[in-house]
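Q: Here's a structure for you.
Throughout, read-outs are computed from the coordinates displayed, never taken from laboratory work. Because the structure is a prediction, the values reported are computed rather than measured. So basically every Cβ, Gly included, is an ideal-geometry build from the backbone, and we count neighbours across all protein chains shown.
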């Protein structure tokens, strides 16, 4: 299963000045390792792991080099899709969606269907000429059934859910976000997954707080939002993630304003704005100021 990795291992071994004998010591025979490096033999996951340990490297680092210092295919998919979304590149989103739909039809693998659904959400947001065909109830059910069925949420499930969260009913979002938090627990020490669950919790709170033009309406999700703020404290955003910590302060301010604590909420948001200015994050500070002004207009 790992024959294509042999040449990469050979390159890394030579760059580190490690001989075949030294790398193979205690793991496998020199002749077996030599065949693997030439692509003439397969290797088990267990042996591959031990070889990487001998060169002081983990799988993430190895795969990063193997893929020519590019993200893996899964990470690249989300990166490319998000880039097209942020750049409001409708044509690129459509191309990406078509690729996923073709793969779905060709292979019958539902993962490609979920990916296409994610891109459909992005397209509906950025395309001013988008004709809302309405997301089929069967598609929503397919997506939610998959997410509820998965016993362990990894990077893929978190990113998929994060991107399609806006499609769902608030009650379903509450249940799925709880599920995401609980079923991703074993990966908390894995930075990429921890960042993904943090993003899910942020977006869940934003979704439940609602758009600014509804801030004057009755609010019914205080208990749930407090719960998700609690999850964020458990996740413990690292001190080095300053932007996320400032964003959390902004969210708490917006929540206070949504629940009638106007002065307290305004103070928190102004504090977040000043912190961004101190960090020379001018664009983010300006966006936050505009958000605060919009909230005040509807209160």
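Q: Between residue 110 and residue 34, what FRET efficiency comes out of the Förster formula 1/(1 + (r/R0)^6) with R0 = 51 Å and r the beta carbon distance, rounded to 0.05?
A: 0.80
Q: Separate question: Please build a GNM for the chain, connecting alpha carbons under 10 Å apart, and tell me which residue among 125, 209, 225 fluctuates the most.
A: Most flexible of the set in this elastic network: 125.
Q: Further question: Using just the C-alpha positions of the chain as equal point scatterers, what log10 of I(q)/I(0) does the Debye formula give at each q in 0.07, 0.09 1/Å?
A: Rounded to two decimals, the profile gives -0.38, -0.60.
Q: Among 149, 88, which comes first, then next, by fewest other beta-carbon atoms within 10 Å?
A: 149, 88
Q: Right, another one. Neighbour counts of other C-beta atoms within 10 Å: give me 98, 89 arranged from fewest to most.
A: So the ranking, lowest neighbour count to highest, is 98, 89.
Q: Taking the convex hull of the alpha carbon atoms in the range 22-129, what volume per residue do you get, in Å³?
A: Dividing the Cα hull volume of the range 22-129 by its residues yields 137 Å³.
Q: Using Cβ contacts closer than 10 Å as the measure, can you line up 138, 199, 281 from fewest to most?
A: 138, 199, 281
Q: Let me ask you something else. Below 8 Å, C-alpha to C-alpha, sequence gap of six or more: please give me the relative contact order for the chain in percent.
A: Relative contact order, the chain: 9 percent.
Q: Oh, and also: Please compute P(r) over all alpha-carbon pairs of the range 71-126, binned at 5 Å starting from zero, and give each bin as a whole-number percent.
A: Whole-percent P(r) values from 0 Å outward: 4, 22, 31, 25, 13, 4, 0.
Q: Rounded, prolate or oblate: which fits the range 3-66, taking a ≥ b ≥ c as square roots of the Cα gyration tensor eigenvalues, rounded meaning a/c under 1.5, else prolate when a/b beats b/c?
A: Because its axes are fairly even, with a/c under 1.5, the range 3-66 counts as rounded.
Q: Quick check: from the Cα gyration tensor, does the range 164-257 come out rounded (a/c under 1.5), prolate or oblate?
A: Oblate, since a/c reaches 1.5 and b/c is not below a/b.
Q: Right, something else. Using a Förster radius of 51 Å, what is the FRET efficiency between residue 291 and residue 22 based on their Cβ-Cβ separation? Nearest 0.05, please.
A: FRET efficiency, residue 291 to residue 22: 0.30.
Q: At a Förster distance of 45 Å, what's the computed FRET efficiency of residue 152 paired with residue 278, Cβ-Cβ distance as r, to 0.05?
A: My answer for the efficiency is 0.65.
Q: Report the label-to-label distance for residue 186 and residue 242 in nanometres (one decimal), using points 7 Å from each Cα along the Cα→Cβ vector.
A: Result: 3.7 nm between the two label points.
Q: Normalised by the residues of the range 3-66, what does the relative contact order come to in percent, with Cα pairs under 8 Å and at least six apart?
A: 40
Q: Once you've got the GNM for the chain with C-alpha springs shorter than 10 Å, pick whichever of 178, 188, 22 has the biggest mean-square fluctuation.
A: 22
Q: Any idea what angle helix 73-86 forms with the longest principal axis of the chain, computed on alpha-carbon atoms, 0 to 90 degrees, nearest 10?
A: 30
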